[in-house]
Amino acid sequence: MKKYLFLPLAALLLASCSNDVTEQEEGFGTVSLAVDTSDNISVSSRAVASAAELAEYNIAVYKDNAMVLEPVKYNTLADGSFTMSVGTGYSVTAESCTVEEGESANDGWGQLRLSGKSDDFVIKAGQNTAVNFTCTVQNAKVTVVFNSSFTDIFTDYTVTVNKTAVDTRSMVFNSTNVSNSAAFFTIDDNTQLTYTVNAKFGDVPKGVSGTLTLKAATNHRITVQSTSDGQITLGITIDGTVTDEDNDALVNPYA
């Protein structure tokens, strides 16, 4: 669901902004933010978000690309007014969590991360400045589905996912956790994900592996299936994007 957030912000920056007053104009103005957050891969509706939903967002203010208000939680800002000294070149950022938290939260499985930055704006004395910008999903999501055609034939099955050449962070999906688990990955220079399926056909170990390219704001769903003769089929689909990606891999237990 796409949420439209009207984000009135409160902060008093008299000390940090005292040098920002121009010779032509002195005083302070207020800033109100309207932040549009797309926190679902498939966007189908819009709704007004509450202060509770914004509570843990990190808000920072910049002037001429220099930070004048270090990130603070939205719920620490008071009374919905944001007072700053007049000046030009202001901008605001908002993020649902830090880049590090996007991967370290939930015991290393990560969490959805949204962020956005406003265009530069001007604060005028005694006036309210309305600032609008969008926070979008910045990381990739990976989920796994074990089809019954697979689970009826194979036992002790797992899917392990990790970024290629990064062995320090691997997540293992299994029959116990697959229904409520999702892994989140930061989009950086390394966008290749390795996935490995391991299972047993009777007492015989079987498996298949491959790679996929991670994309921001995308749910990469890996569906593990089996054909009638016991081959494993991996179908990788992307939710909420124009292009679907499919990847099939077969493992014949009789071979």
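Taking amide H as placed 1.01 Å from N in the peptide plane, the amide H of THR134 sits under 5 Å from that of ASP36, LYS117, each at least 5 places away or on another chain. The HN-Hα couplings worked out from phi for the stretch 138-152 by the Karplus form 6.51 cos²θ - 1.76 cosθ + 1.60 (θ = phi - 60°) are 9, 10, 9, 10, 10, 10, 10, 10, 9, 6, 4, 5, 8, 5, 6 Hz, whole numbers, x standing for Gly and Pro.
Amide H contacts of GLN127: THR30, each under 5 Å away and 5 or more positions distant or on a separate chain (H built 1.01 Å from N in the peptide plane; Pro and chain starts excluded). Compared with the alpha-carbon gap, the fully stretched path from SER209 to GLU56 is longer by 51.3 nm at 0.36 nm per residue. Working note: Cα gyration tensor of the stretch 140-239, eigenvalues times five, square-rooted, sorted largest first, giving semi-axes of 24, 13, 12 Å.
Listed here are the pairs LYS73/LYS163; LYS63/LYS163; LYS63/LYS141; LYS163/LYS206; LYS117/LYS141; which of them are more than 25 Å apart at the Cα?
Values: LYS73/LYS163 31 Å; LYS63/LYS163 36 Å; LYS63/LYS141 33 Å; LYS163/LYS206 22 Å; LYS117/LYS141 22 Å.
From LYS73/LYS163; LYS63/LYS163; LYS63/LYS141; LYS163/LYS206; LYS117/LYS141, over 25 Å: LYS73/LYS163; LYS63/LYS163; LYS63/LYS141.
A simple spin-label model places pseudo-atoms 7 Å from Cα toward Cβ; at THR88 and GLN111 they are separated by 4.0 nm.
Once R0 is set to 45 Å, what does the formula 1/(1 + (r/R0)^6) return for the Cβ-Cβ distance between THR227 and THR98, expressed as a FRET efficiency to the nearest 0.05?
That gives a FRET efficiency of 0.55.
On full extension, the segment bounded by VAL172 and MET67 gains 33.9 nm, given 0.36 nm per residue less the C-alpha separation.
Bear in mind that the values in this text are calculations on the coordinates, not laboratory data. Note that the structure is a prediction, hence the values are computed from the model and not measured. A quick note on method: Cβ atoms are made from the backbone with ideal geometry, for glycine too, and the neighbour counts reach across all protein chains shown.
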